[in-house]
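Shown next, in structure tokens, is the structure this report addresses.
The values are calculated or read from the model by the stated rules, or taken from the named source; none is laboratory data. Bear in mind that the values here come from a model prediction, so they are computed numbers and not experimental data. Quick reminder, even Gly has a Cβ in these numbers, built from the backbone with ideal geometry, and neighbours come from all protein chains shown. The protein model used for the area step is the full one, side chains on, heavy atoms only, and it has no ligands, DNA or RNA in it. Shrake-Rupley method; radii C 1.70, N 1.55, O 1.52, S 1.80 Å.
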Amino acid sequence: MDKIWIQDLEVYANHGVFPEEKKLGQKFLVSACIHLDARKAGMSDNIECSVDYGDLCHFICNYLQSNTFHLIEAAAEAVAEQILKQYEQISCLSVTIKKPWAPIGLPLKNVGVEITRGWNKAYLSIGSNMGDKENYLNTAVERLGESQECRVKKVSHYIETKPVGMIEQDNFLNGCIILETLLSPQELLMLVKEIELSAGRTREVHWGPRTLDIDILMYEQVMMWEEDLKLPHPYMEERGFVLEPLAQIAPYAVHAPSGQTVTDLWKKWQENNPGQEL
């Protein structure tokens, strides 16, 4: 990935734990290394195909002077997030904030913090078998798109499938979503739970009827096993109603544990379940 960097931009702002730091202000040195595809700009010699680093410098300066933080960690986090939201061409960036006048009573050049943040690709499944099913699924897509930390990239066609489990209930409407997000896996889980709750989702019966079900299937190549979140989803390989719509929109996405693509998993499921209805 190509890079554009800004080194030691001087910003006079009011950040710090001590009251005098906020009152008097001090100098901060900000560096940013942004990752983007610069080929189109390089071939066309057109600034509109790239990120105007002059504009970016003013954006950073104005943001840090318009907001106040106790910690430079918080300032760096906020700056990185705002840059990623403001400039669509930037997929990832590193931000460094140095504090040369840090009030620690000892001689030093500076103290600082460096963070790297970016848009992460996540794959979600959505399903409903109560009420206006299609409306519930559409609402889930809309709510995810309304979040400033998420960008909906693709939505599959919805398919009707039979319920899993022994409980007698209506058929499901299922689909999948490709999402780009600034949220961590746990933060994304909190968001989808909020969306489920707003749709009247209850969890009284395991695999029972539900107004809206949202599962995080994969998040980049992350593999994790926590009580409330397991990635990739431990049952996705067994669920044709997940694999079919996911293969529509992400056929070459790689399932980290197996190293197989979603298309491979879907074909394997079909081979193992010949003639079986979803």
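With label points built 7 Å along Cα→Cβ from the Cα atoms of Leu71 and Glu160, find their separation and express it in nm.
5.3 nm
What label, among (i) 22.5; (ii) 20.1; (iii) 21.5, belongs to Kirkwood radius over Cα pairs in Å computed from the structure on display?
(iii)
Can you compute the charge dipole magnitude of the chain about its Cα centre, using +1 on each Lys and Arg Cβ and -1 on each Asp and Glu Cβ, nothing else charged? Give it in debye, rounded to the nearest 20.
620 debye
What percent does the relative contact order of the chain come to when contacts are Cα pairs within less than 8 Å and at least six residues apart? Write down the numbers at each step before the final one.
Details: 505 pairs, mean separation 39.5, N = 278.
Across the chain, relative contact order equals 14 percent.
Determine by what factor the alpha-carbon radius of gyration of the stretch 76-136 differs from 2.2 N^0.38 Å, reporting the quotient.
On the way: Rg = 20.9 Å, N = 61, 2.2 N^0.38 = 10.5 Å.
Rg over 2.2 N^0.38 Å, computed on Cα atoms: 1.99.
Please find the FRET efficiency linking Lys267 to Lys121, where r is the Cβ-Cβ separation and R0 is fixed at 22 Å, and quote it to the nearest 0.05. Numbers along the way, then the final one.
Details: r = 22 Å, r/R0 = 1.02.
The computed FRET efficiency comes out at 0.50.
Measure out, as a whole number of angstrom, how far apart the alpha-carbon centroids of the stretch 143-162 and the stretch 245-275 sit.
19 Å
Can you tell me how much longer the chain between Leu29 and Gln169 gets when fully stretched, taken as 0.36 nm per residue apart minus their C-alpha distance, in nm with one decimal? It would help to have the intermediate numbers written out before the result.
On the way: separation 140, 0.36 × 140 = 50.40 nm, distance 6.07 nm.
Residue separation times 0.36 nm, minus the Cα-Cα distance, leaves 44.3 nm.
Cut-off under 24 Å on the C-alpha distance; same-chain residues fewer than 8 positions from Lys85 excluded. Which lysines are left, in chain and number order?
Within the straight-line cut-off, Lys85 pairs with Lys3, Lys40, Lys98, Lys121, Lys153, Lys154, Lys193.
Express the accessible area of the stretch 63-181 per residue in Å², computed with a 1.4 Å probe while the remaining protein chains stay in the model.
On the way: 6160 Å² over 119 residues.
Ligands and nucleic acids excluded, the figure is 52 Å² per residue.
Would you check the accessible area of Arg210, probe 1.4 Å, heavy atoms only, in square angstrom rounded to 10?
It works out to around 30 Å².
To one decimal place, what Kirkwood hydrodynamic radius in Å is obtained for the stretch 171-278 from all pairs of distinct Cα atoms? Provide the component values of the computation, followed by the final result.
Values: mean 1/r = 0.0666 Å⁻¹.
Computed over the stretch 171-278, the radius equals 15.0 Å.
What FRET efficiency comes out for the pair Asp37/Glu277, r = Cβ-Cβ distance, R0 = 41 Å, nearest 0.05? Kindly include the intermediate steps, with their values, before the conclusion.
Details: r = 43 Å, r/R0 = 1.06.
Efficiency at R0 = 41 Å is approximately 0.40.
Figure the gain on full extension for Asp52 and Tyr235 (residue separation times 0.36 nm, minus the Cα-Cα span) and round it to one decimal in nm.
On the way: separation 183, 0.36 × 183 = 65.88 nm, distance 4.53 nm.
Roughly 61.4 nm would be gained on extension.
Roughly how many percent of the accessible protein surface of the stretch 14-116 is carbon and sulfur, given a 1.4 Å probe and a whole-percent answer?
Details: 3110 of 5820 Å².
For the stretch 14-116, the apolar C and S fraction of the accessible surface comes to 54 percent.
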